[in-house]
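I have placed the structure first, in the form of C-alpha cells, so that the comments after it can refer back to it.
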Amino acid sequence: MKISTKGRYGLTIMMELAAKYGEGPISLKSIAEKNQLSEHYLEQLIAPLRNAGLVKSIRGAYGGYVLSREASEITAGDVIRVLEGPISPVDFTEEDDPAKRNLWLRIRDGIANVLDSTTLLDLISYQEQDAADNYMFYI
C-alpha cells in the first residue's frame, strides 16, 4: 500500500493542528507556509477531514481550523481512511488462492494495526522523544 500526497499532507495538517491544540484556530495559510505546501491543495484536503468530524472550522478574521477532539483520541488510521479510502494492499477476489488471500488479509491487518495504534499525540511527541535519545553523558 502506498500512501499518496493526500494522506501525507493530510497527516501534516492534522499534526500541525494537534501541536497547537487548545491555542485557538490555525489557518491553512500558516500551515502551508511552514511546511512549504500549496495552500490550495490543503484547502481540498481539509474538506473531507471536516466532513468526517476530525476538524472544525472557525470563521472570522482570526479563524482557521482546530481539532474536533484531543490529539490522543485521533489516530493516523482515522486520517488515512478519510483521505485514502479503505486500507487494503490489493483488491482480492473470491477466486484468489486461499493462501494468497490470507497473506493479503494479514498485511492489511498489520497496516491497520500500526495506523490505528498511532495517535496524533504519538506523532507530535516523536521528535521530543528522539531528541532525548541524542544526549551523550560522559563520566
Enter the angle in degrees (range 0 to 90, nearest 10) between the Cα long axis of helix 98-116 and the first principal axis of the Cα atoms of the chain, meaning the one along which they spread out most.
10
Where nothing but the Cβ of Lys and Arg (+1) and of Asp and Glu (-1) is charged, how large is the charge dipole of the chain around its Cα centre, in debye to the nearest 20?
420
Treat every Asp and Glu Cβ in the range 1-81 as -1 and every Lys and Arg Cβ as +1, leave all other atoms uncharged, and give the resulting dipole magnitude about the Cα centre to the nearest 20 debye.
200
Accessible area of the range 14-109 belonging to carbon and sulfur atoms, whole % at 1.4 Å probe
48
Using alpha-carbon positions, the gyration tensor of the chain gives root eigenvalues a ≥ b ≥ c; with a/c under 1.5 called rounded, otherwise prolate if a/b exceeds b/c, else oblate, the class is oblate
In the neighborhood of ALA47, defined by Cβ-to-Cβ distances under 13 Å, what is the net charge if each Lys or Arg adds +1 and each Asp or Glu adds -1?
+2
So what's the back-of-envelope 222 nm ellipticity for the chain, counting only DSSP H runs of four-plus at -39500 (n - 2.57) apiece and dividing by all residues, rounded to 500?
-17500 deg cm²/dmol
Pull up the cross-link candidates among the lysines for LYS20, meaning alpha carbon to alpha carbon under 17 Å and not fewer than 8 places away within one chain.
LYS29, LYS34, LYS56
The answer for chymotrypsin sites (Phe, Trp or Tyr not before Pro) in the range 32-74 that fall in a DSSP coil and have at most 11 neighbouring Cβ atoms within 10 Å is TYR62
Per residue, in Å², the accessible surface of the chain once ligands and nucleic acids are set aside, probe 1.4 Å
66
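The values are calculated or read from the model by the stated rules, or taken from the named source; none is laboratory data. Everything numeric in this text was worked out from a predicted model, so none of it was measured. Cβ sites come from the backbone with ideal geometry, for glycine too, and all protein chains shown count toward neighbours. Please note that ligands, DNA and RNA were not included when accessible areas were found on the heavy atoms of the full protein model with its side chains. Shrake-Rupley method; radii C 1.70, N 1.55, O 1.52, S 1.80 Å.
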